[in-house]
Structures are given as C-alpha cells and as structure tokens.
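Only one structure is covered here, and it is reproduced in the block below.
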Amino acid sequence: MRVFYAEDDQMMQKLVAYTLIRMGHEVVTVDDGKEAIEVLKAETFDFIVLDVFLPHVSGLDIAKFIRQELKASTPIIILSRSGDKHLIKQSKEIGVNEYLTKPIEPDIILLKLKKYTGIASG
C-alpha cells in the first residue's frame, strides 16, 4: 500500500514512516506543504497523513486540494498538536476522515489505515 505522509517534525516523520515501512507499506514523506501539493499532483496514494501546521501550505489546505482539485476520495488523516474545535470542524467540512491530536503512537496510524482501507500490512 502506498502511504503519503507530510510532517515537518523530523522525529515524528521518521518514527511513523519506519512503523509503516516495517509493516510492508511504501511511504513517501515530505516536510513542506508546497512540496506535498507537487507530489500529490504527480502520484497517487492509498492513504494520506497530513500534519495540520506545515510550512508554506497547511495540511487542511492540502486536504481541500485533494478533495476539490484532485477529486480524490483517498482516506486522509490530519495530525495536530492542537485540539482546536474550529480546526476539527473545518477538517470535517473539507472531508478529512479523522483528526488526531499529537503526541500519537505510530501504531494508531496503523489502526486507522486498517480502518479505512481494510489492510493492516502491505
């Protein structure tokens, strides 16, 4: 399974990517919102994880781009250190599948991947 993960916290990015790779998934990571848009225009993924606060373009704006411009129904999980009700509401309006607050264990990402795709390992 191809997983896209946009996260500017390098430790979190490595931890989650390692967990997904260990389970047999192919993972593409970026740490910048602008780069995320470029990759998503060029490639397709089975599951998308976005940090809400990325440099240049926010995770919510990327999710909106995926739903409105790419017309993709790929499952999207938003991660954030903020549990702000406005951000959660906005993510639901965009069509994000789940909004999770950090810190988060990488195994939770695996559970969500299985929930939305039916596949636990690649």
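Any read-out appearing in this document is the output of simple, stated calculations on the displayed coordinates, not a laboratory observation. As the structure is a computational prediction, the values presented were derived from the model and not from experiment. Heads up, the Cβs are rebuilt from the backbone with ideal geometry, glycines too, and the neighbour counts pull from every protein chain shown.
Divide by every residue of the chain the summed helix terms, -39500 (n - 2.57) for each DSSP H run of at least 4, and state the resulting mean residue ellipticity at 222 nm, rounded to the nearest 500 deg cm²/dmol.
-12500 deg cm²/dmol
Sort 66-72, 45-51 for me by packing, meaning the mean count of neighbouring Cβ atoms within 10 Å per residue, highest on top.
45-51, 66-72
Go from 0 up to the bin containing the longest alpha carbon distance in the chain, width 10 Å each, and give me the % of pairs per bin.
14, 52, 33, 2
Picking from Gly33, Gly95, Gly83, which is most flexible by a Gaussian network model of the chain using Cα springs under 10 Å?
Of Gly33, Gly95, Gly83, the most mobile in the Gaussian network model is Gly83.
Taking Cα pairs under 8 Å and at least six residues apart, what relative contact order does segment 1-97 come out at, in percent?
Contact order relative to length: 27 percent.
What ³J(HN,Hα) values, in whole Hz, does the Karplus curve 6.51 cos²θ - 1.76 cosθ + 1.60 give for segment 56-64 when θ = phi - 60°, with x put for Gly and Pro?
6, 9, 6, x, 5, 5, 5, 4, 4
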